[in-house]
Amino acid sequence: MSNDLDTLLTALYVLVDDHVAPARTGRGRRPELTDSELVCLAVAQVLLGYHSERRWIRHIHSTPQWRAMFRFLPKQSGYHKRLKSAEPLLCKTILILASCCPSWFDDLWITDATPVPCGMSRETVKRSDLAGHAGYGYCASHSRFYWGLKLYLVCTGDGMPIMWCLAHPKIGERQVLAALLDHNHPLIRDGQVLLADKGFSGKSFKELTEEKAVRLLRPDRKDETYRNGNLGGVRQWIESVNQTLKGQLGLEHHGGRTPAGVFTRVAQRLLAMAAGIWHNWTTGVTSKRSLIAYDH
């Protein structure tokens, strides 16, 4: 474990313990692994590239540095159950981290959708508990079909997640984004600019975003008069965020086999990215690579 990761986890533990994790009240035995420690372990697992929970638990139990940092280390089954039931905790932590960064006050948000494959064979599709939630979709950037879900992400210019959801690939992008904005309406400020791609065109969708005090900005289609141009340089920001999630944080290797499992693992990766960006802001580091690439 590197000193940079040690510093990040220490700062993250303090933030979660003070502002995120609810105080334990009432009867019953207190868990040996606190919510703050659980969040730190979940973030470290992703940053160190352990896609398998079994390999991750085996690693921390065999490493003296981890045993010295945590007074209790769970077994794989206990870690899995705690993490699976911690969906609200992970989502709240992402939002708290975002609100602690200067980019929270930016007027520009960026949105895009990216595939989250959940199965590679026909037998997996037939037996999976994701039946009815996942489906077949087409990834235009890789020119391939996939079976799984679609991640819709609204983030700031530095990649900090603001709102997100998972949806069936067959559901229209405009429909999902409209529902996402409606559900997170309290987070939207007057005059907020939302940069999207060409798929979010249409008069009705533009009117819907205007009702929510959002100014939609997207590249011009070929059959339209010039308004914004192709916005290629700015659109690369969200593409780099998606590439970070897939290439460095293992989004496509989540290993989830149930709706709750996939949601938790996607939230875990978004939390790791948010923690890295937050750590960069607090330490004055501007390189995105430095917040993700940690040595084993």
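The values are calculated or read from the model by the stated rules, or taken from the named source; none is laboratory data. The model shown is predicted, which means the values in this text are computed figures rather than measured ones. Reconstructed Cβ throughout: ideal geometry from the backbone, glycine too, with neighbour counts over all protein chains shown. Heavy atoms of the whole protein, side chains included, go into the accessibility calculation; ligands, DNA and RNA do not. Shrake-Rupley method; radii C 1.70, N 1.55, O 1.52, S 1.80 Å.
Can we say ALA98 is part of a helix (DSSP H, G or I) and either at pLDDT 90 or above or aromatic (Phe, Trp, Tyr) (or both)?
It is true that ALA98 is part of a helix (DSSP H, G or I) and either at pLDDT 90 or above or aromatic (Phe, Trp, Tyr) (or both).
Looking at ALA42, ALA11, which is the one that is out of contact with any Phe, Trp or Tyr (no Cβ under 7 Å at 6 or more places or on another chain) and surrounded by fewer than 19 Cβ atoms within 10 Å (Cβ to Cβ)?
ALA11
Consider ASP35 carefully, then state whether it is of a type outside the set (A, V, I, L, M, F, W, C) and touching a residue at least 24 places away in the same chain (Cβ under 8 Å).
Yes; evaluated as a whole, the condition is true for this residue.
Would you confirm whether any residue within region 104-118 is in contact with a Leu (Cβ under 6 Å, 6 or more places away or on another chain), under 25 Å from ALA21 (Cβ atoms) and among the hydrophobic types (A, V, I, L, M, F, W, C)?
Checked against the condition, which is being in contact with a Leu (Cβ under 6 Å, 6 or more places away or on another chain), under 25 Å from ALA21 (Cβ atoms) and among the hydrophobic types (A, V, I, L, M, F, W, C), region 104-118 yields no hits at all.
Can you run down the residue pairs with Cβ atoms below 6 Å, 6 or more apart or on separate chains, where the first is in region 106-127 and free of Cβ contacts under 8 Å to residues at least 24 places away in the same chain and the partner is assigned to a strand (DSSP E or B)?
VAL125/GLY119; VAL125/TRP147
Considering only region 138-158, how many residues are of a type in the set (Gly, Ala, Ser), farther than 15 Å from MET273 by Cα and open to solvent by 10 Å² or more (accessible area, probe 1.4 Å)?
Adding up the residues that qualify gives 3.
Kindly indicate whether any position in region 22-34 is among the aliphatic types (A, V, I, L, M) and either touching a helix residue (DSSP H, G or I) at 6+ places or on another chain (Cβ under 6 Å) or within 30 Å of TYR152 (Cβ to Cβ) (or both).
no
Output the qualifying pairs, or none if there are none: Cβ atoms under 7 angstrom, residues six or more apart or on different chains, first residue in region 56-85 and more than 18 Å from PRO31 (Cα to Cα), second residue polar (S, T, N, Q) and surrounded by 13 or more Cβ atoms within 10 Å (Cβ to Cβ).
TRP56/GLN45
Quick check on ALA179: is it under 25 Å from THR244 (Cα atoms) and either hydrophobic (A, V, I, L, M, F, W, C) or touching a Leu at 6+ places or on another chain (Cβ under 6 Å) (or both)? Lay out the reasoning, then the answer.
On the way: under 25 Å from THR244 (Cα atoms): no; either hydrophobic (A, V, I, L, M, F, W, C) or touching a Leu at 6+ places or on another chain (Cβ under 6 Å) (or both): yes.
In short, no.
Which of (1) surrounded by 18 or more Cβ atoms within 10 Å (Cβ to Cβ); (2) farther than 23 Å from TRP164 by Cα does ILE110 not meet, given it meets every other one?
For ILE110, the failing item is (2).
So which residues in region 253-277 are open to solvent by 20 Å² or more (accessible area, probe 1.4 Å), at pLDDT 90 or above and touching a helix residue (DSSP H, G or I) at 6+ places or on another chain (Cβ under 7 Å), if there are any at all?
Listed by number, the residues that qualify are ALA260, PHE263.
Please find, among LYS198, LYS206, the residue that is in contact with an Asp or Glu (Cβ under 9 Å, 6 or more places away or on another chain), among the charged types (D, E, K, R) and at pLDDT below 90.
Result: LYS198 is the single residue among LYS198, LYS206 that is in contact with an Asp or Glu (Cβ under 9 Å, 6 or more places away or on another chain), among the charged types (D, E, K, R) and at pLDDT below 90.
Go through region 172-201 and report how many residues are part of a loop (DSSP other than H, G, I, E, B), touching a residue at least 12 places away in the same chain (Cβ under 8 Å) and more than 15 Å from LEU216 (Cα to Cα).
1
Could you say whether any residue in region 56-67 is more than 21 Å from HIS254 (Cα to Cα), over 20 Å from the mean Cα position of the chain (by Cα) and small (Gly, Ala, Ser)? Don't jump to the end; show me each part of the working.
Step one: of region 56-67, the residues more than 21 Å from HIS254 (Cα to Cα) are 61-67.
Next cut, over 20 Å from the mean Cα position of the chain (by Cα) only: 61-67.
Applying the additional criterion that residues be small (Gly, Ala, Ser) yields 62.
Looking for residues that are more than 21 Å from HIS254 (Cα to Cα), over 20 Å from the mean Cα position of the chain (by Cα) and small (Gly, Ala, Ser), one finds at least one in region 56-67, hence yes.
Out of LEU73, LEU149, report the one residue that is outside any loop (DSSP other than H, G, I, E, B) and over 21 Å from HIS19 (Cβ atoms).
LEU149
Look through region 168-213, keep the residues that are over 18 Å from ILE110 (Cβ atoms) and small (Gly, Ala, Ser), and return whichever of them is most open to solvent (accessible area, probe 1.4 Å).
SER204
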